[in-house]
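Below is the structure I would like to discuss, written out as structure tokens.
The values are calculated or read from the model by the stated rules, or taken from the named source; none is laboratory data. Since we're looking at a predicted model, the values are computed, not measured. We place every Cβ from the backbone using ideal geometry, glycine too, and count neighbours over all the protein chains shown.
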Amino acid sequence: MAEAGTGAGAAEPVVLTLCTGNAARSVMAGVMLESHHPPVRVITAGTHVVEHQPTSRRTRDALATVGLEASAHRSRQLTDADLDGADLIIAMAAEHVWFVRRRHPRAAPRTATLSWLAAHLPPGPEPLHSRVLALELAELDPAAQGDVEDPAGGEDAAYTACATELSALVAELMARLT
């Protein structure tokens, strides 16, 4: 996955997937987005990360169930530069939306959960940055946006269920991103 963003509204839009540890949900969602070869640059990060950790066996196995892999991934802590450079910040849960609003309020208008965006992001042809800003995301209640449950600490089945849910949500989002 690509590194830090190119700047909100840039020629190549930047999409950031965000979870807690950048070890399961944001990694899986990022790999899934990239597998569709979207017209965006995808980066991933977490709100509370142990830096540079590889994906766990459970995350790797869950990705394999949907035909993907993330062997090169290393966990990354979210930075202000990530938030400044992203045209769209895709949170895995309401807690991540709240985190962005507290830490970096300027990014709130570009942040929502994957569940909400998969159902509400308007399709093109306008630039992604413009479509995102028109949603007035900072006014939405994060608790009403829908979460992707964190499989951390769960059995293999929890990771597989998460990958299956993410795969469906990313497919819905892709129809809106292009």
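Among the residues in region 128-140, are any among the β-branched types (Val, Ile, Thr), out of contact with any helix residue (DSSP H, G or I) (no Cβ under 9 Å at 6 or more places or on another chain) and either more than 23 Å from HIS48 (Cα to Cα) or free of Cβ contacts under 8 Å to residues at least 24 places away in the same chain (or both)?
The answer is no; no qualifying residue exists.
Look through region 74-121, keep the residues that are over 20 Å from MET28 (Cα atoms) and of a type in the set (Phe, Trp, Tyr), and return whichever of them is surrounded by the fewest Cβ atoms within 10 Å (Cβ to Cβ).
Here the answer is TRP98.
With respect to PRO142, determine if the residue is of a type outside the set (A, V, I, L, M) and within 24 Å of MET28 (Cα to Cα).
For PRO142, the condition - of a type outside the set (A, V, I, L, M) and within 24 Å of MET28 (Cα to Cα) - is met.
With the requirement that a residue be out of contact with any helix residue (DSSP H, G or I) (no Cβ under 8 Å at 6 or more places or on another chain), touching a residue at least 40 places away in the same chain (Cβ under 8 Å) and assigned to a loop (DSSP other than H, G, I, E, B), what does region 20-58 give you?
The answer is GLY21, ASN22.
Out of all the residues in region 141-178, which are more than 16 Å from the chain's Cα centre (by Cα) and crowded, with 18+ Cβ neighbours inside 10 Å?
Selection gives TYR159, THR160.
Right, next: Looking at region 60-104, which of the residues that are touching an Asp or Glu at 6+ places or on another chain (Cβ under 7 Å), assigned to a helix (DSSP H, G or I) and touching a residue at least 60 places away in the same chain (Cβ under 8 Å) is farthest from HIS129 (Cα to Cα)?
Only one residue tops the list, namely ASP61.
Restricting attention to region 105-143, which residues are among the β-branched types (Val, Ile, Thr) and either in a helix (DSSP H, G or I) or at pLDDT below 95 (or both)?
Matches in region 105-143: VAL132 only.
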